[in-house]
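No value in this document is a laboratory result; all are computed from the given coordinates. Here the structure is a predicted model, which means the values were calculated and not measured. Every residue, glycine among them, receives a Cβ derived from its backbone with ideal geometry; neighbour counts consider all protein chains shown.
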Amino acid sequence: MKLAVVGAGSMGAQIAQQAALHGIDVALQDKAPAQLGKARDSNQGHLGRRVEKGRLSRDDADRALDRVRLTTDLGDAVAGVEFVIEAVFEDLEVKRSIFAELDRQSPPDAVLASNSSTIGISKLAAATKSPERCLNMHFFFPVLVMDLVEIVRGPGTTDETVDRAVELARVMDRTPVVLNKEIDGFIVNRILHGATQEAYRLLDAGVASFEDIDTAIEKGLNWPMGPFRLGDFSGLDVTYNARLHMYRTTGDERYRPSPQLEAKVKAGKLGRKTGEGWYRY
Ligand SMILES: NC(=O)c1ccc[n+]([C@@H]2O[C@H](COP(=O)([O-])OP(=O)(O)OC[C@H]3O[C@@H](n4cnc5c(N)ncnc54)[C@H](O)[C@@H]3O)[C@@H](O)[C@H]2O)c1
């Protein structure tokens, strides 16, 4: 099986490595040579630590690293592949131009998948002449650890394309779930946003402190982190902007960002990265 991964950032690098660990030959492409070097070093570090802990043999680690071929040339990356996963910046125009290019340059029967977290495949498939072979394949960070892949069918995607994506996820030792409709946030982020918004509503209504809401969710639902701790971890600006985007695009009051969240962001208290958010670090 031959796979091309386009974009060697935090996601693309590990998607490529996870596939290579399971015997797939991967061409990892990025327009920036420095990103390719960084991807290789970072994967070497991750697999090296597995070898030190006795969880992977040196030979298997070396073989998996060698199975990821690095290139800056898109045509070279997609030559003879059965599958392409795009993981470049979250920018609609950049992704559309890559999909148009992939449609021209990859073998006509190759599946074209996007790892986008927010862009439904119909917007990218529209830049191709073959929407039937396009879908979303949404991995989670860090891909070498997180087991889930959300596979999202667009209006033009065929059953065969979905089956091939499910099969690829399984070969990569990841658990696929299939969404039969394009929806904002897919399953995981949609439910996470719903729960987080409810936590902010309780805070804004003065029902409980943010610490007690976190404790309730951590002890009562067994989530590893409550919504406020998780917000500090991922960056409160990220949480705020995601809500603002949903509120502006849908006009739905359910998505309006909490005034207390907005105040934190305006004060530059963005969580761990700034030393203070809901908690101090
Ligand atoms: N980071 C996450 O937690 C996460 C989780 C799931 C999905 N995603 C999605 O994965 C995608 C990538 O995210 P990331 O965090 O890895 O981004 P990143 O910024 O770490 O990497 C993006 C890479 O794309 C490369 N790139 C940009 N334009 C290119 C082009 N025209 N051709 C080739 N390479 C190009 C950049 O050089 C960079 O290496 C986004 O669509 C994002 O929504 C991210």
Over segment 212-278, how many percent of alpha carbon pairs lie in each 10 Å bin up to the one with the longest distance? 22, 44, 31, 3
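Note the full-extension length gain between Arg50 and Thr118 as 0.36 nm times their separation in residues minus their Cα-Cα distance, in nm to one decimal. Walk me through the intermediate numbers first.
Values: separation 68, 0.36 × 68 = 24.48 nm, distance 3.21 nm.
Difference between extended and current length: 21.3 nm.
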Cα-projected label distance for Ser42 with Ser97, points at 7 Å along beta-carbon direction, nm: 2.3
Could you name the aspartates and glutamates whose alpha carbon sits less than 19 Å from that of Lys53, not counting residues in the same chain fewer than 8 places away? Asp41, Asp62
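With runs of 4+ DSSP H residues as the only contributors, calculate the mean residue ellipticity of the chain at 222 nm using -39,500 (n - 2.57) per run, divided by the residue total and rounded to the nearest 500. Walk me through the numbers before you get to the answer.
Numbers: 12 runs with 137 residues, N = 281.
The helix-only estimate for the chain comes to -15000 deg cm²/dmol at 222 nm.
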Peptides 31-37, 152-158, 15-21 ordered by average Cβ neighbours within 10 Å, highest first: 15-21, 152-158, 31-37
Considering the options Gln14, Gly75, Ala34, tell which one lies farthest towards the positive end of the dipole of segment 1-77, charges being +1 on Lys and Arg and -1 on Asp and Glu at the Cβ, about the Cα centre. Gln14
Any of Lys181/Lys264; Lys95/Lys266; Lys95/Lys129; Lys95/Lys181; Lys2/Lys38 with alpha carbons more than 25 Å apart? Name them for me. Lys181/Lys264; Lys95/Lys266
Which one of Val81, Val51, Val26 has the biggest mean-square fluctuation once the chain is modelled by GNM with Cα springs under 10 Å? Val51
Check the straight Cα-Cα distances from Lys219 and name the lysines below 21 Å, setting aside those fewer than 8 residues away within the same chain. none
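How large is the Kirkwood hydrodynamic radius of segment 53-105, in angstrom, based on all distinct alpha carbon pairs?
Working: mean 1/r = 0.0736 Å⁻¹.
In segment 53-105 this quantity evaluates to 13.6 Å.
Please report, in debye to the nearest 20, how large the charge dipole of segment 162-273 is about its Cα centre when each Lys and Arg carries +1 at its beta carbon and each Asp and Glu carries -1 there.
Values: 17 positive and 16 negative charges, 53 e Å.
It works out to roughly 260 debye.
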Comparing Thr239, Thr72, Thr118, which has the greatest mean-square fluctuation in the GNM of the chain with Cα pairs linked when under 10 Å apart? Thr239
Calculate the dipole size of the chain relative to its Cα centre from +1 charges on Lys and Arg beta carbons and -1 charges on Asp and Glu beta carbons; express the result in debye to the nearest 20. 540
Starting from the Cα of Phe141, step 7 Å along the direction of its Cβ; do the same at Thr274; then give the gap between the two resulting points in nm. 1.8
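If a/c stays under 1.5 just call it rounded; otherwise compare a/b with b/c (prolate if a/b is bigger, oblate if not). Do that for segment 1-118, with a ≥ b ≥ c from the square roots of the Cα gyration tensor eigenvalues. Each step should come with its number before you reach the end.
Working: a/c = 2.23, a/b = 1.70, b/c = 1.31.
Prolate, because a/c is 1.5 or more and a/b exceeds b/c.
Dividing the Cα convex hull volume of segment 41-176 by residue count, how many Å³ per residue is that?
Details: hull volume 15.4 nm³, N = 136.
Enclosed volume per residue, from the Cα hull, is 113 Å³.
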So, for the Cα atoms of segment 134-241, Rg and Dmax in Å stand at 16.9, 51
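Seen from all sides and averaged, what is the projected area of the convex hull of the Cα atoms in the chain, in nm²?
For the chain, the mean projected area of the Cα convex hull comes to 15.9 nm².
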Spin-label model distance (nm) - Ala208 vs Thr72, 7 Å beyond Cα toward Cβ: 5.4
